[in-house]
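Each remark here refers to the structure printed beneath this line.
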Amino acid sequence: MNDRIRVAVLDDYQQVARTMADWSPVEERAELTIFHDHLHDHDALVRRLAPFDVLCVMRERTALTADLIAALPRLRLIASTGLANASIDLKAAAEHGVEVVNTDYSSTPTIEFTWSAILGLARDIAGEAASVRSGGWQMGLGTELGGKTLGILGLGRIGSKVARIGQAFGMQVIAWSENLQEETASALGVRRVSKQALLSQSDFLTIHTRLSERTRGIIGAPELATMKPSARLINSSRGPIVDEAALVDALISGRIAGAAVDVYETEPLPAAHPFRDLPNVLATPHIGYVTEEMYRTFYGDSVRNIVEWLGRRT
């Protein structure tokens, strides 16, 4: 019988986990396995994860639900990346004696990514680049950002810095969320407006609010119908904040001009999903936080967290 501690690193899509940190302090005291694929099926996950004492998870890629945690009696530590992870059932973890630890996090990658998405939409970078690759040339007309209205749903840590960059482009910046105070917005040079005004006035509407029961589906068919036909929507926050079916319908019908989507109801995105084919969608595979610098923080901190936990077991 092998009593050595077993550690699993999940969902290493890019196969870089081993190069982003020095795992030798873990491997000196435990058996390390790194999985590069993603499993959805509950039974398949149980079969794969049952032998492990420690799971190192990358953000919300694999949800550690109450049912899954209960089916893993050997599990004792969840080393999660990021400051928090809404896909881990913390109550179930505590009930089963599973410790949950987190890492440091920086908003910089998501802020920068948001602007790559806005600019990509405004100038149809993906479409024009694809034209060149296929032997074509210019296809359409871009739109300037200067003088346009940037709407921000959620003016917190990320949204406030997105606003500052919008101002540098000469955009008029407006914002709304249920808890946004006039003083907070004014201090940032942002005009606080109603939800209705945010939707109807924005040329580019970018989402930077947490997913909760209150924000789930907060952008649905009625909200999309309120937006300008020339408006673009950017979601690099969480997929369920936007009603996905309603957004697909709005894009197909031309009720809005386009969308940049980095987050989805189901991830990885199903092969037959309309977002993969719609010409007015800039779809990316949840890479808002995916940078070398962020991964080095995530995996480096995870190694330290696991080593500290191992040390407490002796």
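Specify which residue in the list 23, 291, 219 is farthest towards the positive end of the charge dipole of the chain, using unit charges on the beta carbon of Lys, Arg (+1) and Asp, Glu (-1), about the Cα centre.
219
Counting other beta carbons within 10 Å of each Cβ, put 32, 55, 83 in order, fewest first.
Ranking 32, 55, 83 by Cβ neighbours within 10 Å, fewest first, gives 83, 32, 55.
Take the Cβ-Cβ distance between residue 126 and residue 183 as r, set R0 to 45 Å, and report the resulting FRET efficiency rounded to the nearest 0.05.
With a Förster radius of 45 Å, E is 0.70.
About its Cα centre, how strong a charge dipole does the chain have in debye, to the nearest 20, once Lys and Arg get +1 and Asp and Glu get -1 at the Cβ?
With Lys and Arg at +1 and Asp and Glu at -1, about 520 debye.
Counting other beta carbons within 10 Å of each Cβ, put 208, 273 in order, fewest first.
If I rank by nearby Cβ atoms, fewest first, I get 273, 208.
Once you place label points 7 Å from the Cα toward the Cβ at residue 134 and residue 272, how far apart are they in nm?
2.3
Could you give the distance between the Cα centres of the range 36-73 and the range 250-314, to the whole Å?
With the range 36-73 and the range 250-314 each reduced to a Cα centre, they are spaced 18 Å.
Over the chain, what is the relative contact order in whole percent, taking alpha-carbon pairs under 8 Å and six or more residues apart?
It comes to 16 percent, rounded to a whole number.
I want to make sure I understand the PRE zone here: with the label point 7 angstrom from the Cα of residue 214 toward its beta carbon, which residues in the range 151-171 have backbone N atoms less than 13 Å away?
Residues passing the 13 Å test: 154-155.
Taking neighbour counts of Cβ atoms within 10 Å as a proxy for exposure, in what order, fewest first, do 161, 91 appear?
Sorted ascending by nearby Cβ count, the order is 91, 161.
Could you work out [θ]222 nm for the chain from helices alone, using -39500 (n - 2.57) per DSSP H run of at least four and dividing by all its residues? Round to the nearest 500 deg cm²/dmol.
That comes out to -10000 deg cm²/dmol.
Modelled label-to-label distance, residue 15 and residue 28, 7 Å Cα→beta-carbon offset: nm?
Inter-label distance under the simple model: 2.9 nm.
A short reminder: the numbers here are calculations on the coordinates, not readings from a lab. The model shown is predicted, which means the values in this text are computed figures rather than measured ones. Here Cβ is always computed from backbone atoms with ideal geometry, including for glycine, and neighbour counts include all displayed protein chains.
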